[in-house]
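The values are calculated or read from the model by the stated rules, or taken from the named source; none is laboratory data. Here the structure is a predicted model, which is why all the values come from computation and not from measurement. Heads up, the Cβs are rebuilt from the backbone with ideal geometry, glycines too, and the neighbour counts pull from every protein chain shown.
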Amino acid sequence: MNDKKVSRKGTIILAFVTGVVVALASTFVFFSVINDYVAVDRSEIESVKQVIENLGKYYEIDNQIENKSIYKRDEDEYKDDVCRAMMALLDDKYARYYSIEEYGDWKQSLESSYSGIGITYSLVEEKYMVIEVAVGSPAESVGLIAGDNILEVDGKTYDDINAMSENIMGEAGTEVTLTIERDKKVFDLTIIRSNIDTKTVTSEVLDSGEGYIKISSFGLDTADEFQKTLLELKDKKVERMVIDLRNNPGGLVSTCVDIADMLLPECKVLVTKDKNDIEDVYNSDTSSTDIKYVILVNEHSASASEIMSAAVQDNKGGLIIGTQTYGKGVVQENIELSDGSAIKFTTMEYFSPDGDVIDKVGVTPDVVITDDEDTDRDEQLEKAIELLAK
């Protein structure tokens, strides 16, 4: 017997067409209309029943508000807030919803230029601490310094660093006011945003002859910038180099894997595991740089910085020097929705090539040394140069 139910058009459809089919049309396209009838697989009916069970109350509430509330609402804002609430209910501190505008800002932040104030910050002891202030930036011009804590942005507090970042960024020429805590004093700084041209990779040849490469984050162009820098150092006959990942909050996993590939010969670089315990292994090829190197890290080196450091450490590519890293060993996926908005949530955990856990643990350097904040010296860099010379 054919396991299908046939009913009058509308008997099945009208039960869920309001809202559910509109919202989920891309998922449930299974109607076959013959004359005035609709054929639907039994399994598909069960799927729709499950959707109605899960989302029916939402549409019931929405309908009651629409028909009876004396208060008006902004439909776009309302939909965005509902989506934010859905993501907030996940037990995932990295999960979030991006409006169309917010997602556009996030994508722009991965590029080598953006409109903002020119700072790098990280969550330290439940506060957003400024780690670096770009030279010549709007932030520097008003006196913002490393070590300042950002309490509010335009009078609003944030528990999501990405959401705060998007509100610090904005159109060039517009103002943003940060509430700052410094030495137990709280004050406001109003900063005029401007176009910031940033290279995520900067380099120089030190007086001692070593190459020095600073990677501030892993963006879209970082791997290309790093490859170009390696070639420039090789042309200058540099034989040893320091790669500085201190204060690097991470970025694109694919970018840091590409850079690790330039440093390491054929080996395992990264292992990821999804919710079904299915593993993905990322490997490097046979080619690698012949410049001897060490990597500097600190407590603000996170995510992609830790992937690269762990890969180098486990494969004995070079020494890791500094302090214990941040300990973010999970990967988030951004999924763009049909209208240009997006959602982000954790889809994988990653491990070092040797299988070591990084999340909430971090990477322990081969040589542990702190930087003394009471001196003008960079003790970690000095130790790196000393060890390279050996």
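Table for the structure above
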read-out: Selected residue (only one of Arg240, Arg182 is more than 17 Å from Tyr128 (Cβ to Cβ) and more than 18 Å from the chain's Cα centre (by Cα)); value: Arg240
read-out: Single match in Ile369, Ile343 (criterion: among the β-branched types (Val, Ile, Thr) and under 25 Å from Glu132 (Cβ atoms)); value: Ile369
read-out: Where a residue in segment 211-238 is touching a residue at least 24 places away in the same chain (Cβ under 8 Å) and its partner, wherever it lies, is surrounded by fewer than 22 Cβ atoms within 10 Å (Cβ to Cβ) and aromatic (Phe, Trp, Tyr), with Cβ under 6 Å and at least six apart; value: none
read-out: Given (1) surrounded by 13 or more Cβ atoms within 10 Å (Cβ to Cβ); (2) out of contact with any helix residue (DSSP H, G or I) (no Cβ under 8 Å at 6 or more places or on another chain); (3) at pLDDT 90 or above, index of the condition Lys185 fails; value: (1)
read-out: All positions within segment 259-269 that are within 19 Å of Leu220 (Cα to Cα) and crowded, with 19+ Cβ neighbours inside 10 Å; value: Ile259, Ala260, Asp261, Leu263
read-out: Members of segment 288-345 that are among the acidic types (Asp, Glu) and either outside the structural domain of Lys214 (by TED's automatic domain parsing) or part of a loop (DSSP other than H, G, I, E, B) (or both); value: Asp290, Glu299, Asp339
read-out: Near pairs, Cβ below 8 angstrom, 6+ apart or cross-chain, from segment 59-82 (farther than 12 Å from Ser99 by Cβ) to any residue that is among the β-branched types (Val, Ile, Thr); value: Tyr59/Thr18; Tyr59/Val20; Asn63/Thr18; Arg73/Ile65
read-out: Criterion (in contact with a strand residue (DSSP E or B) (Cβ under 6 Å, 6 or more places away or on another chain), touching a residue at least 24 places away in the same chain (Cβ under 8 Å) and not in a helix (DSSP H, G or I)) met by exactly one of Val281, Val269; value: Val269
read-out: Tally, over segment 70-96, of residues that are over 16 Å from Leu55 (Cβ atoms) and of a type in the set (A, V, I, L, M, F, W, C); value: 4
read-out: Hits in segment 153-180 - residues which are buried (at least 17 other Cβ atoms within 10 Å of the Cβ) and over 27 Å from Asp221 (Cα atoms); value: Val153, Tyr158, Val176, Leu178, Thr179, Ile180
read-out: Counted residues, segment 63-93 - those being among the polar types (S, T, N, Q) and either under 36 Å from the mean Cα position of the chain (by Cα) or surrounded by 10 or more Cβ atoms within 10 Å (Cβ to Cβ) (or both); value: 2
read-out: Number of positions in segment 243-266 that are within 18 Å of Leu319 (Cβ to Cβ) and assigned to a strand (DSSP E or B); value: 2
read-out: Segment 341-390: number of residues that are charged (D, E, K, R) and at positive phi; value: 1
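Matching residues to (1) buried (at least 21 other Cβ atoms within 10 Å of the Cβ); (2) not polar (S, T, N, Q):
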{"site": "Ala311", "(1), (2)": "yes, yes"}
{"site": "Gly317", "(1), (2)": "yes, yes"}
{"site": "Thr325", "(1), (2)": "yes, no"}
{"site": "Val330", "(1), (2)": "no, yes"}
{"site": "Asn334", "(1), (2)": "no, no"}
{"site": "Ser341", "(1), (2)": "no, no"}
{"site": "Phe345", "(1), (2)": "no, yes"}
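Quick grid of which residues meet (1) of a type outside the set (A, V, I, L, M, F, W, C); (2) in contact with a Pro (Cβ under 9 Å, 6 or more places away or on another chain); (3) under 25 Å from Ala302 (Cα atoms):
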site: Met87; (1), (2), (3): no, no, yes
site: Asp92; (1), (2), (3): yes, no, yes
site: Lys107; (1), (2), (3): yes, no, yes
site: Gly116; (1), (2), (3): yes, yes, yes
site: Tyr128; (1), (2), (3): yes, no, yes
site: Ile131; (1), (2), (3): no, yes, yes
site: Pro138; (1), (2), (3): yes, no, no
site: Gly173; (1), (2), (3): yes, no, no
site: Val186; (1), (2), (3): no, no, no
